[in-house]
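Engineer: Have a look at the structure that comes next, please.
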Amino acid sequence: MPIRRTHPTIEPMTGSAWPVLLDRVRSDIPALLADFLAELAQLDGYAAGLIPADDIERTAVGAFDIFLARLGDADDAERSARFSGELGRKRARQGMRIDQFMEGVRINFRVLWRALHRAADPDLVDELVANGERILGVVERYATEVQAAFLEESQLMAQQRRTARERALARVFASDTDPASLAAATELLGLRADAVFELVALSGADDPRVAVTAQAWRGALLHVDGDVAVLFRERDARPGAEPDGFLAQDGAHVSEVRGVAALARAAALARALLTATGGTAPTSL
């Protein structure tokens, strides 16, 4: 049989009963933490051990502390905003999905709500009800803060990845890239240095259809050079592999490029061929 927590009975009084209820919750923090960890352990993303256990515990205690401070109007606004921001950004960097992260936040809220109910029983239930709007406001504020920080960091990381890939592609297609830089760019792009590639240069790099086409072609990477879009990918050397139209577009094609180091020369050749033919039909040497 579960043990029922009991508290000294006090008369509900506006301005005095609410701090007493919060103090009861504060003394119940070990139980809150245990409840939170047990429920979180079932959540995909946390159950996989993506986040260190000490990180989870430290964050949970910090979140409960902020909730109680805000509920009691004793919040250090700068400190709590910094905590929310750092948490959202850290979870994004740790590779969590937004749905996993926000479900963890919701678990935090559910555990807090159950703790408030336990603390209010039996003599402060009316005080809990009277402060329902206050609780909802604190919950919504915290959720908004951590979600905004997570999304902002995710967008920044995506931009950094795009920038890094664009720089790597620029090194691959530069005529004067040294071997070490080329090797680093090859690794970042996930290419095999000695693979055989196929390449096509298309007119109108700003044409939205170019990006759509790049996404449609299996494994194709896009490099923009002025007004020319260069698409390339590793050739499928399997006998009888079905063509998917990669070399049937209106552009200049080089169907066999041996190794990453040859891509720059192949792109220059395709660009010259595109200039000579106008790129109005599939063209190759």
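The values are calculated or read from the model by the stated rules, or taken from the named source; none is laboratory data. Not measured: the values here are computed from a predicted model. Here the Cβ is made from the backbone with ideal geometry for all residues, glycine too, and neighbour counts use every protein chain on show. Calculation scope for accessible area: heavy atoms of the full protein, side chains included, ligands and nucleic acids excluded. Shrake-Rupley method; radii C 1.70, N 1.55, O 1.52, S 1.80 Å.
Engineer: Could you look through the stretch 30-55, keep only residues that are more than 23 Å from Ile135 (Cα to Cα) and hydrophobic (A, V, I, L, M, F, W, C), and pick out the one that is modelled with the highest pLDDT?
Structural biologist: Ala38
So that you can scan it fast, the table gives a plain yes or no per residue for (1) part of a helix (DSSP H, G or I); (2) in contact with a Gly (Cβ under 9 Å, 6 or more places away or on another chain); (3) closer than 30 Å to Arg70 by Cβ; (4) not hydroxyl-bearing (Ser, Thr, Tyr):
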position: Ala158; (1), (2), (3), (4): yes, no, no, yes
position: Arg162; (1), (2), (3), (4): yes, no, no, yes
position: Ser181; (1), (2), (3), (4): yes, no, no, no
position: Ala184; (1), (2), (3), (4): yes, no, no, yes
position: Ala193; (1), (2), (3), (4): no, yes, no, yes
position: Phe197; (1), (2), (3), (4): no, yes, no, yes
position: Leu202; (1), (2), (3), (4): no, yes, no, yes
position: Asp206; (1), (2), (3), (4): no, no, no, yes
position: Arg218; (1), (2), (3), (4): no, no, no, yes
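Engineer: In addition: Which one is farthest from Gln159 (Cα to Cα), of the residues in the stretch 44-60 that are open to solvent by 60 Å² or more (accessible area, probe 1.4 Å) and touching a residue at least 12 places away in the same chain (Cβ under 8 Å)?
Structural biologist: Within the stretch 44-60, the match that is farthest from Gln159 (Cα to Cα) is Glu57.
Engineer: Which residue pairs have Cβ atoms closer than 6 Å, lie 6 or more positions apart in sequence or on different chains, and pair a first residue in the stretch 217-229 that is at negative phi with a second residue that is among the small types (Gly, Ala, Ser)?
Structural biologist: Ala220/Ala214; Leu222/Ala214; Val224/Ala205; Asp227/Ala205; Val228/Ala201; Val228/Ala205; Ala229/Ala205
Engineer: Pick from Leu156, Leu189, Leu169, Leu151: which is crowded, with 18+ Cβ neighbours inside 10 Å and farther than 30 Å from Ala17 by Cβ?
Structural biologist: Of Leu156, Leu189, Leu169, Leu151, the one residue that is crowded, with 18+ Cβ neighbours inside 10 Å and farther than 30 Å from Ala17 by Cβ is Leu169.
Engineer: Still on this structure: How about the stretch 19-46: which of its residues are touching a helix residue (DSSP H, G or I) at 6+ places or on another chain (Cβ under 8 Å) and under 13 Å from Gly104 (Cβ atoms)?
Structural biologist: Selection gives Phe36, Leu37, Glu39, Leu40, Leu43, Asp44, Gly45, Tyr46.
Engineer: Out of Thr144, Thr163, which single residue is more than 30 Å from Gly72 (Cβ to Cβ), without any contact (Cβ under 8 Å) to a residue 12 or more places away in the chain and either of a type in the set (Lys, Arg) or out of contact with any Leu (no Cβ under 7 Å at 6 or more places or on another chain) (or both)?
Structural biologist: Matching residue, one of Thr144, Thr163: Thr163.
Engineer: Tell me which residues, restricted to the stretch 68-117, are small (Gly, Ala, Ser), part of a helix (DSSP H, G or I) and under 26 Å from Ser16 (Cβ atoms).
Structural biologist: First, the residues of the stretch 68-117 that are small (Gly, Ala, Ser): 69, 72, 74, 77, 80-81, 84-85, 88, 92, 95, 104, 115.
Keeping just the survivors that are part of a helix (DSSP H, G or I) gives 69, 77, 80-81, 84-85, 88, 92, 104, 115.
Hits for the stretch 68-117 are Ala69, Ala77, Ser80, Ala115.
Engineer: I've got another one for you. Quick one: what pairs do we get from the stretch 21-40, first residue over 11 Å from Ala115 (Cβ atoms), second open to solvent by 20 Å² or more (accessible area, probe 1.4 Å) and hydroxyl-bearing (Ser, Thr, Tyr), C-beta under 6 Å, 6+ apart or different chains?
Structural biologist: As it stands, the answer is Leu40/Tyr46, since those pairs meet every condition given.
Engineer: If you don't mind, another one. One residue is enough: does the stretch 120-133 have a residue meeting the conditions open to solvent by less than 50 Å² (accessible area, probe 1.4 Å), touching an Asp or Glu at 6+ places or on another chain (Cβ under 7 Å) and not small (Gly, Ala, Ser)?
Structural biologist: no
Engineer: Consider Leu169 carefully, then state whether it is assigned to a helix (DSSP H, G or I) and either modelled with pLDDT of 95 or more or over 20 Å from the mean Cα position of the chain (by Cα) (or both). Even if it seems obvious, please write down each step before you answer.
Structural biologist: Working: assigned to a helix (DSSP H, G or I): yes; either modelled with pLDDT of 95 or more or over 20 Å from the mean Cα position of the chain (by Cα) (or both): yes.
Yes; evaluated as a whole, the condition is true for this residue.
Engineer: Continuing with the same structure: Kindly indicate whether any position in the stretch 253-262 is in a helix (DSSP H, G or I), open to solvent by less than 60 Å² (accessible area, probe 1.4 Å) and modelled with pLDDT of 75 or more. Explain how you work it out, then say what you get.
Structural biologist: As a first pass, look at the stretch 253-262 and keep what is in a helix (DSSP H, G or I): 260-262.
If we keep only those that are open to solvent by less than 60 Å² (accessible area, probe 1.4 Å) as well, we get 260, 262.
So of that shortlist, the ones also modelled with pLDDT of 75 or more come out as 260, 262.
Yes, the stretch 253-262 contains a residue that is in a helix (DSSP H, G or I), open to solvent by less than 60 Å² (accessible area, probe 1.4 Å) and modelled with pLDDT of 75 or more.
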